[in-house]
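Q: Have a look at this one before I ask anything.
Coordinate-derived values only; no laboratory data. All of these numbers come straight from a predicted model, not from anything done at the bench. Here Cβ is always computed from backbone atoms with ideal geometry, including for glycine, and neighbour counts include all displayed protein chains.
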């Protein structure tokens, strides 16, 4: 089978590395042969691979960076909407789901000659429901909010590719987040950023503006080998023993993955493989828990000046099935010092630019803020499958320059002063550390008055950001 694994823009290389790691696991090797496409050298919005159908279960369970796991159903040339209808109506949808299940269809495009994506979506939807009506005598209902089955189509200038979404809800929805801070960060983007930094499980990680704790929770789950899909997979169900795991009871409103509502995955053979994947994951989690008997041994800590956000972080930590309480303090970032007084480590933070950075747009000034989650997800899907590599590269420098000028002109003077003080604090107290800052503010290095050693373009949903790396030199002994 052919799959396309969708990821946030800019994380294609870390995703390809992660896919190779997943494919190399003994339990995943046992499913059959995996062939991962060459690592993209420019933004593609994801990585393709060929693997047995069972790979969908392993990818949904283990991929920290993926947004969705799409199973390719067909690919063919097209010229008009009727070509889409003919192709889609010829597929055996009845072998994958029933007319009693609800359906949603999404279409993305890259230089498509079609005038209306809405009309293309309608033709694909009609083709599916007409096929099921002709075969079964009934047709499925459409549910745009919480469908049982999701179908995606991607149109290029000449080709259409039809996918079945095996993930259901986007994979960044781990099941543990119930609250968000002022600068919400998608969990899979946080995991991808962790893979870009020099941090490794067991090493010191510190976030002085941790907010609701996304970076630190993702890192803790990595250390303890907790699969990102563990909650959605039901690993903490009635059969799990919380006393052995030292975890709190499960609290989540997320129910499973998309593949669990598709016929082939409900056959006895696939069900046995699914149980095997979960059992192997649980065994690895128990082994890691012995290696890290207390939360202090994780070497992961944070702080935030906002008492409410610290409380959110603690609640999210517990919902993520992590042991004990996180090492976190309510403290101003300007007063935060290296944990344990160490002179090396990784600091990773995402400043609350949504509340403090104002960017002009449209008819007036609009704050970069959290959007409705469902609308934001639609934007993500469209963007991640529509990265126009050439135009992105050509426009990047001009966009970045414009955003830098806007940020310099429009930021709150108090926040600019805070950044200057914070930069000085880093120089004086974090010598020897590597500092990574994710922000939409292209002028941030100048405001910190620290020269970045690297900048990586990334996208938090549809918001263009940069991950700045600052290498803090250790003070010379006199």
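Q: Could you give the semi-axes, largest first, of the ellipsoid that matches the range 2-165, computed as the square roots of 5 times the alpha carbon gyration tensor eigenvalues and rounded to whole Å?
A: Numbers: eigenvalues 162, 77, 35 Å².
Semi-axes, largest first: 28, 20, 13 Å.
Q: Could you calculate the FRET efficiency of residue 268 with residue 449 from 1/(1 + (r/R0)^6), where r is the beta carbon distance between them and R0 is 45 Å, rounded to 0.05? If you can, show how the numbers build up before the last one.
A: Values: r = 64 Å, r/R0 = 1.41.
After rounding to 0.05, the efficiency reads 0.10.
Q: Order of 415, 436 from fewest to most other C-beta atoms within 10 Å?
A: Fewest-to-most Cβ neighbours within 10 Å comes out as 415, 436.
Q: Listed highest first by mean packing, meaning other Cβ atoms within 10 Å per residue, what order do 99-105, 169-175, 159-165 come in?
A: 169-175, 159-165, 99-105
Q: Considering only C-alpha atoms, what is the centroid distance from the range 36-51 to the range 434-451, in Å?
A: The range 36-51 and the range 434-451 have Cα centres spaced 30 Å from each other.
Q: While we're on this one: Could you put 65, 196 in order, starting from the residue whose Cβ has the fewest other Cβ atoms within 10 Å? Don't skip to the end; give the middle numbers.
A: Numbers: 65 30, 196 18.
Lowest count first: 196, 65.
Q: Looking only at the range 93-121, which residues have a backbone nitrogen under 18 Å from a spot 7 Å from the Cα of residue 134 in the C-beta direction?
A: Residues 93-99 qualify, since their backbone N sits under 18 Å from the label point.
Q: Still on this structure, please answer the following. Note the full-extension length gain between residue 95 and residue 159 as 0.36 nm times their separation in residues minus their Cα-Cα distance, in nm to one decimal.
A: Details: separation 64, 0.36 × 64 = 23.04 nm, distance 2.45 nm.
Contour length minus Cα-Cα distance gives 20.6 nm.
Q: Next up: List 73, 347 from most exposed to least, where exposure is judged by having the fewest other Cβ atoms within 10 Å. Walk me through the intermediate numbers first.
A: Values: 73 20, 347 25.
Going from sparsest to densest Cβ surroundings: 73, 347.
Q: Take the alpha-carbon centre of the range 70-93, take the same for the range 283-306, and report the distance between them in whole Å.
A: 48
Q: Under a no-solvent Debye model with one identical scatterer per Cα of the range 138-204, what's log10 I(q)/I(0) at q = 0.15, 0.23, 0.26 Å⁻¹?
A: Taken in order of the listed q values, log10 I(q)/I(0) reads -0.81, -1.10, -1.17.
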